[in-house]
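Below: the structure, in C-alpha cells.
Here, each number is a calculation from the coordinates, and none is a lab measurement. What you see is a predicted model, and the numbers here were worked out from it, not measured in a lab. Because the Cβ atoms are built from the backbone with ideal geometry, glycine has one as well, and the counts that use them run over all protein chains shown.
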C-alpha cells in the first residue's frame, strides 16, 4: 500500500502536502504497517474529513479515536476536518487536542 500526498489548500490547515484518509475504507492497523515499511519518508501528514464518516455513526467516537491513535503511534501527524461537537468534546476530555489538529464542522 503506497500513499501519495496531495497539496491541499485550506484556511484551517497549512498548504503542506496532506494525504486524505478515509477511515471507512481503510483500517488504521493496515495503514500503520504501510507507514512502518516506508520509514525513510518524512513524518506522514494525514487529513481525515469527519463530516461523512460512517464508522463515527455506527461504531462510535471511541472507535474513531482509537483508529486515530494507531495512526499517530505509527508516526503520522493527523489533521481532522469538519469535526462535530461530540468528537471535539471527547478529544478535549481525553487531552488529545494537542495531538490532533482540528477544524470545526463547516456550516
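Would you mind ranking 51, 103, 98 so that the residue whose beta carbon has the fewest other beta carbons within 10 Å leads the list?
98, 51, 103
Over the range 16-104, what relative contact order in percent results from Cα pairs under 8 Å that are six or more residues apart?
Value for the range 16-104: 31 percent.
In whole Å, what is the distance between the alpha-carbon centres of the range 51-69 and the range 72-100?
11
Rounded to whole Å and ordered largest first, report the semi-axes of the equivalent ellipsoid of the range 16-104 derived from its Cα gyration tensor (root of 5λ).
Three semi-axes, in Å: 21, 14, 12.
Among 19, 102, which comes first, second and so on when ranked by fewest other beta-carbon atoms within 10 Å? Before the final figure, lay out each step's value.
Working: 19 15, 102 19.
Ascending Cβ contact count within 10 Å gives the list 19, 102.
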